[in-house]
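Report on one structure; see the data block that follows.
Please treat every number below as a calculation from the coordinates, not as lab data. Computed from a predicted structure; not experimentally measured. Neighbour counts run over all protein chains shown; Cβ positions are idealised from the backbone, glycine included.
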Amino acid sequence: MTWDELEEKCKNCTACAISRQRHNVVIGTGNKNSKIMFVGEAPGYHEDMQGEPFVGNAGALLDKMLASIGLSRQKVYICNILKCRPTDNRDPSYEEQASCIGFLREQYKLIRPMLIVCLGRIAAQALISPNFKITRQRGSFVEKKGVLFIATYHPSALLRDESKKKEAWEDLKTIKRKMIEMEIYDEQKL
Ligand code: SF4
């Protein structure tokens, strides 16, 4: 599938009931050739209105998190498990995730990242392990089929509980060290 085909399929997708309320399908943003991909759970209100992932306060915090390790949203690829906003900002249902995960797989095939950062519990449970405990298992790398996965807190969780920020910043430093070790950090600065 090409990017154009993927975007067309996402925009016309009505597999879930939430497609009836959406203003925009939020596919992803950033560098489509990046070696690192950040994956959250689903668009929120601002993302749905603007058609862009991680905008609003959570997006501003994600920008700061990226900047703290010399990255930016132009250098990495950012998307979500779900491409449509669950109504009332609830967690995406298992059925919605199962319906939408195929689009993320296509994004993965087009980008071929070496490192995937799960932002929050929902993404980590979908991509790393169904029983993933974000408070206990964040900050450690897991290899699956030659790709490294790591999870840290979702920026929205950090806005709700500032005490988690120290751990999140440690995770970011871990990610930067691994990128240097994998020799993909300089590439990100191009
Ligand atoms: S969430 Fe995904 S699978 Fe469900 S309607 Fe939106 S694009 Fe389609």
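Among the lysines of the range 107-173, pairs at least eight places apart or on separate chains and with Cα atoms under 28 Å apart come to 17.
Just check the range 75-190 against the gyration tensor rule for me: Cα atoms, a ≥ b ≥ c as the square roots of the eigenvalues, rounded for a/c under 1.5, and otherwise prolate or oblate depending on whether a/b exceeds b/c. Don't skip to the answer; put the middle values down first.
Values: a/c = 1.72, a/b = 1.18, b/c = 1.45.
Cα axes put the range 75-190 in the oblate bin.
Rounded to the nearest 500 deg cm²/dmol, what is the calculated helix-only ellipticity per residue at 222 nm for the chain, with -39500 (n - 2.57) per DSSP H run of length n ≥ 4?
On the way: 9 runs with 86 residues, N = 190.
Dividing the helical sum by the residues of the chain leaves -13000 deg cm²/dmol.
Relative to the longest principal axis of the Cα atoms of the chain, the long axis of helix 94-111 lies at roughly 60 degrees. This model, with +1 at the C-beta of Lys and Arg and -1 at the C-beta of Asp and Glu, gives the range 3-189 a dipole about its Cα centre of some 400 debye. Per residue, the convex hull spanned by the Cα atoms of the range 1-137 amounts to 110 cubic angstrom.
Taking label points 7 Å from Cα along the Cα-to-Cβ direction, Glu162 and Gln50 give a separation of 2.3 nm. Take every DSSP beta bridge whose two residues both sit in the chain; close to 30 percent of them are antiparallel. For the charge dipole of the chain, defined by +1 on Lys and Arg C-beta atoms and -1 on Asp and Glu C-beta atoms about the Cα centroid, which residue among Leu66, Met49, Cys84 has the Cα displaced farthest towards the positive pole? Comparing the listed Cα positions along the dipole, Leu66 ranks first.
Here is the list for the range 95-190: trypsin sites (Lys or Arg not before Pro) lying in DSSP coil, each with at most 11 other C-beta atoms within 10 angstrom of its C-beta, are Lys145.
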